Amino acid sequence: LDDANSFFKKNDFTPIKDEDRKKKLNYYIAADLAISQKQYSDYSVFAVAGMDENQHLQCVNIVRDRMDAMQIVETILALQRTYKPELFGIEAGTIQKSIGPYLREAMMKQDTFVNIVLLKPSGDKLSRARSMQARMRAGAVKFDTSADWYQTFEDELLRFPRDRHDDQVDAWAYIGLLLNQMHVAATQQEVEDEEYRLALHEYGYDQAGRNVTTGY
C-alpha cells in the first residue's frame, strides 16, 4: 500500500522508550467483541492504553482472539485484575444481548468488579477512527513495539480500511471514545506528596497542635 494515501501511516507509530515505561499511568480498556467462534468470524479484541501525566497515551497491550461468551467474560475480569482500569468501554448492544448475565454472575463470584462504560458509537468506521488518527499523527501516542501482539496490530491499521479484518481498528477507535472521560495521571511529585500526607495521617501527626474541640 502507498503510505502517502493510507489512513494510518508508518510514522504514526511512535515506540515506547525505557523512560516511558517508568511513568505512572491511568489505564483504560476498550473492547470490540464478536461472540461467534466460526473459522471466518471476526476476532474479539481488547485494547489497553494508559494516560501519563503529560497527556500522552501509551498502547501497552492488545488481546486478539476468537472467543465464546464465557471466554470473553474471563478475559474482561483478567484484564480488570491486571490493569485496574479507570474505565472499561464495551459496546452497549454486546452487553445487553449476550454477555451481560454471564459477566454479572462472574463479577459476584470472583469479587472483581468492572467500571463498564456502555459505548454507543455513531457514524462509520472511518469517522470513529479519526480521533485516534489525529492523536497518533501529533505524536501523542506511543506503542510497545517490542510486544508479540504489535506487528499484527500495526499491519491491520496500515491496511485500514482495505483489510478484511478491522477488529483491532475498532477496539482502538473505541479508546478514542473514552478520551473525553480520561483523567491525567498524577505527577511523581503529587504521588509523593499524597503518600507523605497519608503517612502523617496514619501516625496522627497531621493533628498535632490542634485543639480537639475547635480543630484549630
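The values are calculated or read from the model by the stated rules, or taken from the named source; none is laboratory data. The structure displayed is predicted, hence computed values, not measured ones. Glycine gets a Cβ as well: all are built from the backbone with ideal geometry, and neighbour counts include every protein chain shown. Accessible surface is based on the protein model in full, side chains and every heavy atom, while ligands, DNA and RNA are left aside. Shrake-Rupley method; radii C 1.70, N 1.55, O 1.52, S 1.80 Å.
Remarks
- Pick from the range 68-78, criterion touching a residue at least 12 places away in the same chain (Cβ under 8 Å), open to solvent by 10 Å² or more (accessible area, probe 1.4 Å) and of a type in the set (A, V, I, L, M, F, W, C), ranking: farthest from residue 176 (Cα to Cα): 70
- Output for the range 67-120, where each listed residue is touching a Ser or Thr at 6+ places or on another chain (Cβ under 7 Å) and basic (Lys, Arg): 81
For (1) open to solvent by 60 Å² or more (accessible area, probe 1.4 Å); (2) among the aliphatic types (A, V, I, L, M); (3) at pLDDT 90 or above, each residue gets a yes or a no:
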{"position": "1", "(1), (2), (3)": "yes, yes, no"}
{"position": "23", "(1), (2), (3)": "yes, no, yes"}
{"position": "92", "(1), (2), (3)": "no, yes, no"}
{"position": "96", "(1), (2), (3)": "yes, no, no"}
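- Selection over the range 52-67 of residues that are within 16 Å of residue 176 (Cβ to Cβ), in contact with a strand residue (DSSP E or B) (Cβ under 7 Å, 6 or more places away or on another chain) and at pLDDT below 95 gives a count of 1.
- Tabulated pairs, the range 89-105, first over 15 Å from residue 44 (Cβ atoms), second open to solvent by 10 Å² or more (accessible area, probe 1.4 Å) and assigned to a helix (DSSP H, G or I), C-beta under 9 angstrom, 6+ apart or interchain: 100/94
- Meets criteria (crowded, with 17+ Cβ neighbours inside 10 Å and either out of contact with any helix residue (DSSP H, G or I) (no Cβ under 8 Å at 6 or more places or on another chain) or modelled with pLDDT under 95 (or both)) for residue 103: yes
- For residue 85, the conditions (1) surrounded by 19 or more Cβ atoms within 10 Å (Cβ to Cβ); (2) assigned to a helix (DSSP H, G or I); (3) not aromatic (Phe, Trp, Tyr) are fulfilled apart from (2).
- Matching residues in the range 106-140 - criterion: being open to solvent by less than 80 Å² (accessible area, probe 1.4 Å), in a helix (DSSP H, G or I) and touching a residue at least 12 places away in the same chain (Cβ under 8 Å): 106, 107, 110, 125, 126, 128, 129, 131, 132, 133, 135, 136
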